[in-house]
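Right, one structure below, let's go through it.
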Amino acid sequence: METKTEEFTPEVKTQRPNEVSLRSLWAYGVIGILFGIVFVKAEIVSWFRIQEMFRLDSFHMYGVIGSAVMTGMISVFLIKRYHAKALTGEKIVIPAKVFQPGQIYGGLLFGFGWALTGACPGPLFAQIGAGYSVVIVTLFAALAGTWTYGALRRYLP
Amino acid sequence: MFHAGHFSNKMMEWLTRPWPWYVAGPLIGLTVPALLLLGNKTFGISSSLRHICAACLPAGIPFFQYNWKKESWNLMFVAGVLVGGILAGLFLKNPEPIVVASATKASLQTMNVHDFQGLIPENVFSWSALTSARGFILMVVGGFLVGFGTRWAGGCTSGHAIMGLSNLQWPSLIATICFMIGGFLMTWFGLPYILTL
């Protein structure tokens with residue numbers, strides 16, 4: 001009897017977490033799909049919309065980002081207020097952002113790139129999906145940029 | 001049932017038209033609680049670029065020495081964004097040309113941007129334009145700055161502007177302000193030269 005239970009329990013323990021994590025991986029993919037559809041349909045992936053934003057010729061992008069932040073703020077407030085737990089049973093902890101000079105220097109450089117390409121990292125993926133194949137080059141350039149940052153990191157403030 | 005055909009036509013018409021900001025913004029904002037509630041994950045897209053570097057070309061660089069497989073949810077998420085782009089492009093494509101604000105359109109026309117059909121000007125962003133100085137700066141240099149800048153800043157529009165501000169983080173406010181300043185500077189002082197190269 002004793003050996004039987006011992007054989008049985010480890011099997012359950014090793015199978016269950018894998019099953020759950022694989023299923024939740026798919027869930028992240030589904031959220032990504034919905035997100036990508038919104039990106040294309042609200043034309044957030046449009047170079048023109050980003051130009052309008054920086055030229056102050058349209059409210060669209062300010063409305064999108066502003067209402068997204070408001071929705072996020074209310075959600076985070078409610079999650080903290082009610083000590084909500086994740087579906088995995090984990091306590092929800094949002095790591096604090098620590099100030100570093102890179103937020104200024106890197107922020108400005110990203111701003112330059114945002115105005116040039118008309119895309120932040122998310123829209124790059126959605127643009128490729130929407131059929132603008134040349135954006136693959138921009139994505140590879142962004143990967144090269146990230147890699148170069150990693151290589152030069154210790155020399156930067 | 002009787003009106004089903006009529007209703008689905010109306011629905012499709014509404015879905016294929018560009019979605020207004022007050023629909024898109026809250027949907028994007030809901031990504032924040034969705035990821036938190038699903039598995040205590042914080043929203044941030046530019047991290048995916050780091051994970052891809054760590055997975056494909058870590059090259060002994062300490063910044064890329066970590067267990068990227070633990071972050072595979074993030075890669076799954078961006079793969080989803082790509083698939084979402086495909087689905088929107090195939091099934092929900094706006095049949096009309098994009099509507100660009102007249103002031104922006106007039107100004108861009110003086111800078112040799114003439115294609116106002118799709119989401120991006122195809123006479124500027126295309127494979128054949130890659131070898132021109134203008135195309136190279138816009139696509140390759142621009143892309144490099146996006147990758148380098150977001151990592152140096154520790155996040156992008158999603159990680160800082162949306163996730164960080166939602167969590168009332170002042171470093172994210174500084175980063176977001178710098179994103180905008182950089183964008184304004186490039187648009188007003190850089191692009192007039194670059195677009196007319």
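Checked against the criterion of being more than 7 Å from every other protein chain (Cβ to nearest Cβ), in a loop (DSSP other than H, G, I, E, B) and either out of contact with any Leu (no Cβ under 8 Å at 6 or more places or on another chain) or open to solvent by 40 Å² or more (accessible area, probe 1.4 Å) (or both), the stretch B:133-148 has no qualifying residue.
Residues that are surrounded by fewer than 18 Cβ atoms within 10 Å (Cβ to Cβ) and either under 11 Å from A:Val135 (Cβ atoms) or in contact with a strand residue (DSSP E or B) (Cβ under 8 Å, 6 or more places away or on another chain) (or both) within the stretch B:118-129 comprise B:Ser126, B:Trp127, listed in sequence order. Here B:Ala59 passes the criteria (1) closer than 25 Å to B:Val124 by Cα; (2) of a type outside the set (Val, Ile, Thr); (3) within 8 Å of chain A (Cβ to nearest Cβ); (4) surrounded by fewer than 18 Cβ atoms within 10 Å (Cβ to Cβ) except the one numbered (1). Against the test of being more than 7 Å from chain A (Cβ to nearest Cβ) and either at pLDDT 95 or above or over 17 Å from the mean Cα position of the chain (by Cα) (or both), the options B:Ala4, B:Ala24 yield a single qualifying residue, B:Ala4.
Residues that are more than 7 Å from every other protein chain (Cβ to nearest Cβ) and either in contact with a Lys or Arg (Cβ under 8 Å, 6 or more places away or on another chain) or in contact (Cβ under 8 Å) with a residue 12 or more places away in the chain (or both) within the stretch B:70-86 comprise B:Glu71, B:Asn74, B:Leu75, listed in sequence order.
Residues considered: B:Ile181, B:Ile120, B:Ile162, B:Ile194. Of these, the only one that is under 30 Å from B:Ser102 (Cβ atoms), more than 7 Å from chain A (Cβ to nearest Cβ) and not polar (S, T, N, Q) is B:Ile194. The helices (runs of 4 or more DSSP H) falling completely within the stretch A:45-121 that include 2 or more residues that are within 25 Å of B:Leu145 (Cα to Cα), at pLDDT 95 or above and more than 7 Å from every other protein chain (Cβ to nearest Cβ) map to A:47-54, A:60-81. The requirement of being open to solvent by 60 Å² or more (accessible area, probe 1.4 Å), β-branched (Val, Ile, Thr) and over 14 Å from A:Val137 (Cβ atoms) is not satisfied by B:Ile98. In this structure, does B:Asn74 turn out to be assigned to a helix (DSSP H, G or I), on the phi < 0 side of the Ramachandran plot, among the polar types (S, T, N, Q) and exposed (fewer than 13 other Cβ atoms within 10 Å of the Cβ)? Criteria not met by B:Asn74.
Residue by residue, here is whether (1) touching a helix residue (DSSP H, G or I) at 6+ places or on another chain (Cβ under 9 Å); (2) without any contact (Cβ under 8 Å) to a residue 60 or more places away in the chain; (3) open to solvent by less than 10 Å² (accessible area, probe 1.4 Å) holds:
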position	(1), (2), (3)
B:Ala161	yes, yes, yes
B:Ser166	yes, no, yes
B:Ser172	yes, yes, yes
B:Phe179	yes, yes, yes
B:Gly183	yes, yes, yes
B:Leu191	yes, no, yes
B:Ile194	yes, no, no
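Number of residues in the stretch A:122-157 that are surrounded by fewer than 24 Cβ atoms within 10 Å (Cβ to Cβ) and in a loop (DSSP other than H, G, I, E, B): the value is 6.
When the stretch B:149-158 is filtered for residues that are facing another protein chain (nearest Cβ under 7 Å) and not in a helix (DSSP H, G or I), the ones remaining, listed by number, are B:Gly154, B:Cys156. Filtered by the rule that a residue be of a type outside the set (S, T, N, Q), open to solvent by 40 Å² or more (accessible area, probe 1.4 Å) and facing another protein chain (nearest Cβ under 7 Å), the stretch B:27-54 gives B:Leu27, B:Leu30, B:Leu37, B:Arg50, B:Ile52.
The values are calculated or read from the model by the stated rules, or taken from the named source; none is laboratory data. The model shown is predicted, which means the values in this text are computed figures rather than measured ones. Don't worry about glycine lacking a Cβ; one is built from the backbone with ideal geometry, like all the others, and counts go over all protein chains shown. Note: accessible area is taken over every heavy atom of the protein model, side chains too, but ligands, DNA and RNA are not part of it. Shrake-Rupley method; radii C 1.70, N 1.55, O 1.52, S 1.80 Å.
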